[in-house]
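*Asks:* Attaching a single structure in structure tokens format; questions to follow.
None of the figures in this text is laboratory data; all of them are computed from the coordinates on show. As the structure is a computational prediction, the values presented were derived from the model and not from experiment. Glycine gets a Cβ as well: all are built from the backbone with ideal geometry, and neighbour counts include every protein chain shown.
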Amino acid sequence: MSRAFLIVLDSVGCGGAPDAADFGDEGSDTLGHIFAAHPDLKVPNLAVLGLGQAMNLSTGVQTPWVARNGGWAVATEVSKGKDTPSGHWELAGVPVPWQWHLFPDTDPAFPDYVLNAVADLAGGSLANTHASGIPVIESFGQRHVQTGLPICYTSADSVFQIAAHEDHFGLDRLYQLCKDMAKILHPMKVGRVIARPFLGDETAGWHRTANRKDFAIAPPGRTLCDHVSDLGSAVHGIGKIGDIFSMRGISMCHKGPDEQLMNHLTTEVEAAPDGALVFANFVEFDTLYGHQRDVDGYAKHLEWFDAAIGPVLAKARADDMFIFTADHGNDPTWHGTDHTRERVPVLIHGGPKGAIGHIGFADVADMVCKHLELPLLSQVIKT
């Protein structure tokens, strides 16, 4: 039986979303602007699948890359968000039917009842602001260590983030605090409560660890993961997929930094059972380079991923299909530090070849179903 590998390069958008102006993102283009800054970008494995052609279809950008042995498309999202759950759920066939609750870009950012809940659970809090993760830890890390109070902040996404030192506060305590706050915030349609653990000290500096954990609202409908699992096949997650889908329909999940996740993907290609869906998210494009507005770092990570995926594809079986896509944009040349509303490339190895054109995010789920010879999820949902 065939297997499917759905691989999300977190935030690797290609601009051109028709409603980008509604989000203040008209003109944003993650891949296009990285390529403009690095015209010698070396991504041969993605290029032969049609990365340059997808970029051109979305925004008209010209690259020297030639598509030779893959299929390519550009996907447009209908969910009214530019966040991780919206993108992943819709790729898995389920657009978000509601408006997310967003905390205002003010200082303070949170209403009293939210911080009162944190105080009841942890004795108080620090920060209470819109911020990017590394700067807020640099600003409040020492006070956190001295007071023992968690650092609470948000962004333009529907998130409530809690940063705490793994040694001084405790990782398990941080997870429990986030889990308890999720029970309060999810009914408000706050999409995720995110545990952001870090280590270090004021002298040596602070650094976030790989032990991030997202406490996300459960998907609002039956996703591709549920569909494949219910029909008797294995669904394995790599990265934060288990968190995004609340482990629904997912039998196992590997976590870690991107380099380790690539090793897990290699193992899955070697050992995943017949009929399996392997659903992966490589998050460091977003967390380390997009949010940090690091164009050079983003370009280097694209080159790292491309070089690493070559040997993985070489191990694939003849009947395996790989889909490489993204969940939103995070243009490192853009103003602010938040995600950007963009279309995303859809590149296919071992499936349809040539130009596919414009599709919706949810069409990706049907591509997987068709390859695995399962009923199309879109038809199942309609009935």
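*Asks:* Conditions: (1) under 23 Å from the mean Cα position of the chain (by Cα); (2) surrounded by fewer than 17 Cβ atoms within 10 Å (Cβ to Cβ). HIS168 meets all but one. Number of the miss?
*Replies:* Just one mismatch for HIS168, condition (1).
*Asks:* In segment 1-59, how many residues are crowded, with 22+ Cβ neighbours inside 10 Å, free of Cβ contacts under 8 Å to residues at least 60 places away in the same chain and closer than 30 Å to GLU268 by Cα?
*Replies:* 1
*Asks:* Here's a follow-up. Look through segment 258-278, keep the residues that are over 19 Å from GLY310 (Cα atoms) and in contact with a helix residue (DSSP H, G or I) (Cβ under 9 Å, 6 or more places away or on another chain), and return whichever of them is surrounded by the most Cβ atoms within 10 Å (Cβ to Cβ).
*Replies:* LEU277
A quick yes/no check of all residues on (1) closer than 27 Å to GLU268 by Cβ; (2) among the hydroxyl-bearing types (Ser, Thr, Tyr); (3) in contact with a His (Cβ under 8 Å, 6 or more places away or on another chain):
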{"residue": "ASP296", "(1), (2), (3)": "no, no, yes"}
{"residue": "TRP304", "(1), (2), (3)": "yes, no, no"}
{"residue": "ALA316", "(1), (2), (3)": "yes, no, yes"}
{"residue": "PHE324", "(1), (2), (3)": "yes, no, yes"}
{"residue": "HIS339", "(1), (2), (3)": "no, no, yes"}
{"residue": "VAL346", "(1), (2), (3)": "yes, no, no"}
{"residue": "GLY357", "(1), (2), (3)": "no, no, no"}
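*Asks:* Check off (1) part of a loop (DSSP other than H, G, I, E, B); (2) out of contact with any Pro (no Cβ under 6 Å at 6 or more places or on another chain) for VAL364 and give me the number that stays unchecked.
*Replies:* Unmet condition: (1).
*Asks:* With the requirement that a residue be buried (at least 21 other Cβ atoms within 10 Å of the Cβ) and either in contact with a Gly (Cβ under 7 Å, 6 or more places away or on another chain) or of a type outside the set (A, V, I, L, M) (or both), what does segment 66-78 give you? I'd like the intermediate steps shown before the answer.
*Replies:* The first filter runs over segment 66-78 and keeps only residues buried (at least 21 other Cβ atoms within 10 Å of the Cβ), leaving 70-75, 77.
Residues satisfying the conditions are GLY70, GLY71, TRP72, ALA73, ALA75, GLU77.
*Asks:* What about TRP98, is it under 23 Å from ILE241 (Cβ atoms), among the aromatic types (Phe, Trp, Tyr) and either touching a helix residue (DSSP H, G or I) at 6+ places or on another chain (Cβ under 8 Å) or in a helix (DSSP H, G or I) (or both)?
*Replies:* No: the conditions fail for TRP98.
*Asks:* Moving on to the next point. Tally the residues that are under 20 Å from ALA210 (Cα atoms), assigned to a helix (DSSP H, G or I), of a type outside the set (Asp, Glu) and touching a Phe, Trp or Tyr at 6+ places or on another chain (Cβ under 8 Å), restricting the search to segment 137-195.
*Replies:* Within segment 137-195, residues that are under 20 Å from ALA210 (Cα atoms), assigned to a helix (DSSP H, G or I), of a type outside the set (Asp, Glu) and touching a Phe, Trp or Tyr at 6+ places or on another chain (Cβ under 8 Å) number 5.
*Asks:* Is segment 213-221 home to any residue that is in contact with a Ser or Thr (Cβ under 8 Å, 6 or more places away or on another chain), of a type in the set (D, E, K, R) and over 15 Å from ALA280 (Cβ atoms)?
*Replies:* Yes, segment 213-221 contains at least one residue that is in contact with a Ser or Thr (Cβ under 8 Å, 6 or more places away or on another chain), of a type in the set (D, E, K, R) and over 15 Å from ALA280 (Cβ atoms).
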